Each structure stands twice: as C-alpha cells, then as structure tokens.
Number of protein chains: 4
Amino acid sequence: MKEEKILSSVKDQQLIKVRREQIIKGAIKLFKEKGFHKTTTREIASESGFSIGTLYEYIRTKEDVLFLVCDSIHEQVRERIAQEIDLESPSVPNMMKAIRSYFYLMDEMQDEIVILYQEVKSLKKESRKHVLNSERDMVGIIENVINTCLEGKLSAQKVSLLANNIVVQGHMWGFRRWIMQKQFTLEAYMDEQLKMIEHAIK
Amino acid sequence: MKEEKILSSVKDQQLIKVRREQIIKGAIKLFKEKGFHKTTTREIASESGFSIGTLYEYIRTKEDVLFLVCDSIHEQVRERIAQEIDLESPSVPNMMKAIRSYFYLMDEMQDEIVILYQEVKSLKKESRKHVLNSERDMVGIIENVINTCLEGKLSAQKVSLLANNIVVQGHMWGFRRWIMQKQFTLEAYMDEQLKMIEHAIK
Amino acid sequence: MKEEKILSSVKDQQLIKVRREQIIKGAIKLFKEKGFHKTTTREIASESGFSIGTLYEYIRTKEDVLFLVCDSIHEQVRERIAQEIDLESPSVPNMMKAIRSYFYLMDEMQDEIVILYQEVKSLKKESRKHVLNSERDMVGIIENVINTCLEGKLSAQKVSLLANNIVVQGHMWGFRRWIMQKQFTLEAYMDEQLKMIEHAIK
Amino acid sequence: MKEEKILSSVKDQQLIKVRREQIIKGAIKLFKEKGFHKTTTREIASESGFSIGTLYEYIRTKEDVLFLVCDSIHEQVRERIAQEIDLESPSVPNMMKAIRSYFYLMDEMQDEIVILYQEVKSLKKESRKHVLNSERDMVGIIENVINTCLEGKLSAQKVSLLANNIVVQGHMWGFRRWIMQKQFTLEAYMDEQLKMIEHAIK
DNA sequence: GATGAATGAGACTTCATTCAT
DNA sequence: CATGAATGAAGTCTCATTCAT
C-alpha cells in the first residue's frame, strides 16, 4: 500500500483514516461531476465536511487527493472482486460467471473508472506508476481466473490479451456509455461479450 | 462540419483556415506533452507561431482550441481511413486487412487518441456531442466493413458490438501502452486480436 | 524586567520560567537558521520540546517569543559582561582589557547579535522600546568603563560616541562577518581596533 | 549588473525599466514603513500604480522585488558617491571632505540603509551574494580615497579596517538613530567621528 | 497543565481574456 | 490583422491561534 506515503501533520492514525475516507468520498463525488482540474481544494474540503485548513492537515497538495482517490478506487475494485469472484471450482461456466461478476462490478463503478481513465495522467510519475501497477494487478486476477479454468489450454500471450480485452470491455461499458448504453442493456452487453469470449477460447 | 461555428473576428476565410491549422498543430503537440489543462493559451500561441492577441482573433475561448483539436483528430482519422481502408471486394480476408489497416492507423495516432480519451470531458455539452458523433461515425465505418464482408451473417447487435470492440482494441493499444506495448509487438498484438475476431465471426 | 508583562495562563511562576527558557533556547536556534518570519510557531514548540498548545500556555502571540528572545539575548550579554569586565583598577590598559573582553563576547554571540539587528523592528513599539533601552544600557556600561579609566579626560559627547563606536565595532565583527572575517582573524581585528581607539583617546 | 537576470514576460526593455522603477519606488516606501515580510505583493502593486497581474509581468516572485530594491539602493549610493565624492586633489583635508559627503549621503538614505541591514538575509544565496558584493565595492571606494590621500602611509589592513569603520559609522547614524540622533546633531556627529579618524591616521 | 486537531483569513501566484496601438 | 501589456478573478497553500478533551 502506498497511501501511507502521503504525509499528514496529524498524528492519530485512526483519525487520518477516517478523515481521508471523508476526503476521498467528497472528492470522488466532485470529480465525477466536474473532473479533477475544475474541482477546487475548497470544494473538496467543504464536500468532505471540514475547512480548507483541516483538509491540508491530511494531505500535502491537491494532487495527493487525486492519488488518494485513484488508489481508493482500485482498492474498492480489489475488495469487491475478492469477495464476488469466487471460483468454487475451475470450469468454463464458472469462469463465465466470474467475468459476469466483473462486468456487474464495472457497471456499478462506471464513474470511478472514468475518473481513472481521465485523471491518472495528472499524477506525477511516481504515483502514476503505483496506480498503473494496481491496474496491472487487475489484469493479473483475470489472467488467473482464465488460467485456472482453462488449465493452460491457451498460450500465455493469448491469456494476457484475453484478460486485457475483458478488463477493457468492462471499462468501455462505462467510458463509452454514450454509445454502448444507448444500444444495449447491461444484460445484452454481457451476454454478447461472453459469447464472443466463448468463441475465442474454443 | 462544426468548426465554422467557432467565431473569429477575422474575415478572410482562407486565413482563418491556415491559422487554425497552425493552432491545431501547436496545441496537439502541447496537449500530448502536458494535457489540456496544464497548457496555457500563451504557450499555444507561441507554439503556433504568433502572439496571444492573434490567437484570440481566431478563437473565442481556450475551450475552442480543445474543440478544434478534437475535431481535427477525428478529421484526420476519417481521412486516413477513407484512403487506406479500401475494400476492393467484400470478403473476410479483406475485412481482416481493413481492420489491420485501422490498427496501424491507431498505432500512428496513439497520442491523439489519448488526447480524445482524456480531454473530451472538458468540452461543454454541445461540442462534446459533436465530437462523440464523430466517434460514432467511426464505429459506423467499421460496422459497414463488417456488414459488407459478412453479408448479414451477424445480427445488427453483434455487428455493433464487434465494431465497438475493434475500435476500442485499436485505442487500447495506445491508451494502455504501458501494459500492452510491454508484452506485445504491434504485429503480435494485431495477429492475436484478429484471430480472436475470426473466431467470433465464425 | 519586562518579561513578566507577557501574560501566561499558567500560574506556577517557576514552571513559567523553565518553559520560557526552553522556548527561548529553541527559538534562538531557529531564528539563527531562518529568521523570525520564516520560523513557525509549530517549529518553535517542537524545538522547545512540547506541543503547540503548550507553547501558547506560556505566550500570547508569536511576537512574544521574539520579545522573549531579544530580551534574553540582552540579559545574557549583561550577565557575561558583569562577570567578565571587571576593572580591578581604573587604568587605560585595564580599559583596553575590558574592551577586549567585550569583543570576545561579541564574537561568541555573533548570531544572537544578528538576530537583534534584523528582527527588533518586528516588535511592536512598546517591546521595541524596552529592547532598545537594554541596548542603551550596554552603551552606558562601556561609557562607565571609559569614564572610570580616563577620569573625565574626554567630554561627555566624546565618551558617548566612543562607547557607541566600540559597541558597534563589536557588533560589526558579527553582522559584517562576510567581509570582516574574510580579512581579519579575531585577534588582528581586535588589535587594530584597539590601536585606533588608543589613538583616539590620546 | 544583475538586474537583467530577473525575468520578465514583457518584451519592451524600456518599459521594463520604467515599470521596475515604479515597483522599486513603491516597494521602498512600503518596506520603510512595515518591512519586507509585512508588505504584501498586492500592496506593492497598488503602491506602484498597477494591478497585481501587471506586477507579476515584471517580476517572478516577491523576493525579486526585494532584490530589485536592494540592488537599486546600492545603485543609488554608487551614483551619488560618484558625483559627490570628487577628490580634486589627494590630501587629508580632501579626504575628510569626502568622508563628510559620504556621511551626508548616509543621512539622506537612512531608511534605505536600514532596509539593507534588515532584509538582505531574506534574499536567497545567489542574490545575497550579489548584494554583498555591492557592499564590498562601497568599502573599496572608501579604501581608494584613503589610499589616494594618505599615499600608503597605512598598511593595507589598517586601511581596510578604517574604511569599514567609516562605512559602518555612516550606517549607524541611521540604524541606531534612536540613540545617536537623540544625542548628536548630524554636524556634531560628523565632526566628532572625523576628529577620531584624524587621530587614527596620524 | 498538556495536547493537537480544527479553523479560516490571507498570502503568493497564475493565466484566460481584453483592448489600445 | 497583429501585437503584447494590462487586468483581476480565482486557485493553492500556510500558519497563527483557539479550544475541547
């Protein structure tokens, strides 16, 4: 975890956690509405429920907020995936179920995913690297599911590509909602994508 | 075309065109490097080769520049596609060739695509709509290719989804370069994606 | 003494003294390094070994710290002078010895003197007056030495001027160290200044 | 000259000169009253007769203003000295006349000298060095006068010390005005200091 | 008495935009 | 048409001070 690397002048670790959660929640709400750049630190503070001075007791720069947000989004995804994608036993149908769960999750987290897509570039190198690593982990999880269920029937490259495709298909439901969600219901979208995936792994 | 809707205080239409091309070229260079928000109008002016005052003779607001850029990127894609994706005759191999051409194009225009992904949300409603329409057109072109080559073997929904997948796979080569281009050469990436597509349309 | 005029919410006078000494010690260290304005009250508190809240139990405003520091510096000078400049008997050689002692002292207290020169103006009228009075006392002590040793050979004005010159020559060794200490050793500096003084009183 | 090293986004060099003179004049007035730290950039702008935005077209940071001010003060001193201290012929009386001129000048520029004493430390290394070099030049000028008039009767060290003493005596009339100007008229101060100097060089 | 989290006024600086030349 | 100096709203961040625990 990298979050601890963000310095705070407050000592109470528990309090830091609570306050940062407030910050993240407030910031995500604002970033969804207007993006990182058009959101002011004052707005973040007030949306978080405290003063600008207090905000800066828990972060160092505005960019820290963005990092906190990006990191938290990945954290949420990770948690949810861990609890929802449980492969009772390795099999193609279970793999499909897992992917379906992932798609449901991405549907719920559309706005958060859009934030990642649009704002990660505003992080500075170090933080961006960290966030991209989390993203890489996501792909890794999907790769695992595939490998487990297909028992090595596909080459490593194919698995990697397939995993990336799945991940991005989950994202595109959200970041291309203006086109996808005009033409598909979530169920139809998932059904069709899953059919194609089934073709691909045969 | 929507570009004309951007007002200019200059009368000479030819000059407007020339100047705006300078602006677009300069702005794209800067947006690639630092993004829209971190680029100043002064920088755009100077990169374009004239003064800040002159810049404002050809645009009304900074956002106009973004619109000009987004529109121009789509314009470029459209042009290139028109000249490169020519289906001599409708057939699956020719469809594959066309998709391959599209992937090559997306490889060349990576940075521009990333700009679209990251900055479109900064456009205001009206302009955003216009840009998203261009994007829709892109999908339409791919759909056409598919329909022509597969002669209606797939349902409209399937075609639409496939087209969107292809379009996004072209994009992801660029906007996920930090993971894709570490694991694949462009050729390998295209080969594998095309194989999957072939499976999907069988 | 004026220090008592600085209000404290703490009752225990002994404790006040101890804490204030901590404050002064910490603050002097910081003021030497970065000056009064660039030092924060938090830094003063932590350098003093306690919390910001505690700091404010013993002072009212940041300026109080500056006053405490200025006053304490003069206090130190006074003490040291009292114990080091003892004129066994009034004579020109003893006067020279006394001045030499004063120069040694000023060498040791260079940084403190620089603080006085640079920050006194940040005190508000009342406090500044008090500090300048201490400075006046310093001159008085030197005048006394001169008068005692020269037995009224010089006019009051001459004595006053000489005393001020001596005082400032002690200071300039420190506040113009970037030029004086590049060209003179302390010994050479004192020797030459003393020679000139001898000429002047002949 | 170092002033050119301060960047300005304005191109017209003549205008830069004019505006900076306004800035310097306004800033000196304010620094005299409240010191550098307690003066805000907005006050400087408005005292200079333009907006905060315009101020920042001619400087980069607030510290630049301080540097401009310090440099300008030395510049003024240098100019005035050049035109007032003209040694018709080298002789002790002419040397005394020159020193007297210097004292008059320091009387007129008291407040400026006080600014130098109190704020130079707020400059960052590079600028501070430059300013101290100007100060060194001042000493050099006085040394020259002495050497010319005394034709090498004194050792280099003695000359240097004497010059520094004279320079500082000029300053102390201003920065210790609260004690000196209570006891001396300017004339008396100069007379007495000059007498002592005469003794010292005999 | 000690602590330290909370506050918010206010400081510095940037930058999109205008307009006189 | 082109220029670039001027503007000032607005943004980020700091820090002296307070007060509940």
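The values are calculated or read from the model by the stated rules, or taken from the named source; none is laboratory data. Keep in mind it's a predicted model, so treat the numbers as computed, not measured. Because the Cβ atoms are built from the backbone with ideal geometry, glycine has one as well, and the counts that use them run over all protein chains shown. Note: areas computed on protein heavy atoms with side chains; ligands, DNA, RNA excluded. Shrake-Rupley method; radii C 1.70, N 1.55, O 1.52, S 1.80 Å.
For region B:76-121, the set of residues classified as of a type in the set (Gly, Ala, Ser) and open to solvent by 50 Å² or more (accessible area, probe 1.4 Å) consists of B:ALA82, B:SER89, listed by residue number. Taking region A:6-54 as the search range and keeping residues that are within 10 Å of DNA strand F (Cβ to nearest atom), open to solvent by 30 Å² or more (accessible area, probe 1.4 Å) and not in a helix (DSSP H, G or I), which one is modelled with the lowest pLDDT? Restricting to residues being within 10 Å of DNA strand F (Cβ to nearest atom), open to solvent by 30 Å² or more (accessible area, probe 1.4 Å) and not in a helix (DSSP H, G or I), the top hit is A:SER9.
For first residues located in region D:28-39 and away from every other protein chain (no Cβ under 11 Å) and touching a residue at least 60 places away in the same chain (Cβ under 8 Å), partners that are open to solvent by less than 20 Å² (accessible area, probe 1.4 Å) and away from DNA strand F (no atom under 15 Å from the Cβ) and lie 6+ apart or on another chain with Cβ distances below 6 Å form the pairs D:ILE28/D:VAL69.
B:VAL92: of a type in the set (Val, Ile, Thr) and over 28 Å from B:LYS195 (Cα atoms), yes or no? Spelling it out, it is not the case that B:VAL92 is of a type in the set (Val, Ile, Thr) and over 28 Å from B:LYS195 (Cα atoms). The set of residues from region D:48-61 being more than 7 Å from DNA strand E (Cβ to nearest atom) and more than 14 Å from D:ARG20 (Cβ to Cβ) comprises just one member, D:SER51.
D:LYS62 passes every criterion in (1) within 14 Å of D:ILE115 (Cβ to Cβ); (2) within 14 Å of chain C (Cβ to nearest Cβ) apart from (1). Of the residues in region D:59-72, not one is assigned to a helix (DSSP H, G or I), open to solvent by 70 Å² or more (accessible area, probe 1.4 Å) and either touching a residue at least 40 places away in the same chain (Cβ under 8 Å) or closer than 26 Å to C:LYS121 by Cα (or both). Of the helices (runs of 4 or more DSSP H) lying entirely inside region A:110-180, those containing at least 3 residues that are among the polar types (S, T, N, Q) span A:125-150, A:156-175. Reported count of residues in region B:105-121, each being acidic (Asp, Glu) and more than 13 Å from every other protein chain (Cβ to nearest Cβ), is 3. Do we have B:LEU87 as assigned to a helix (DSSP H, G or I) and not aromatic (Phe, Trp, Tyr) here? No: the conditions fail for B:LEU87.
Collect the residues in region B:122-136 that are in contact (Cβ under 8 Å) with a residue 40 or more places away in the chain, open to solvent by 40 Å² or more (accessible area, probe 1.4 Å) and within 11 Å of chain A (Cβ to nearest Cβ), keeping them in residue-number order. Within region B:122-136, no residue meets the criteria.
Of all residues in region D:146-200, those being of a type in the set (A, V, I, L, M, F, W, C), more than 10 Å from chain C (Cβ to nearest Cβ) and surrounded by fewer than 19 Cβ atoms within 10 Å (Cβ to Cβ) number 4. For region B:173-194, enumerate the residues that are within 21 Å of B:LYS97 (Cβ to Cβ), in contact with a helix residue (DSSP H, G or I) (Cβ under 8 Å, 6 or more places away or on another chain) and free of Cβ contacts under 8 Å to residues at least 40 places away in the same chain. Listed by number, the residues that qualify are B:PHE184, B:ALA188, B:GLU192.
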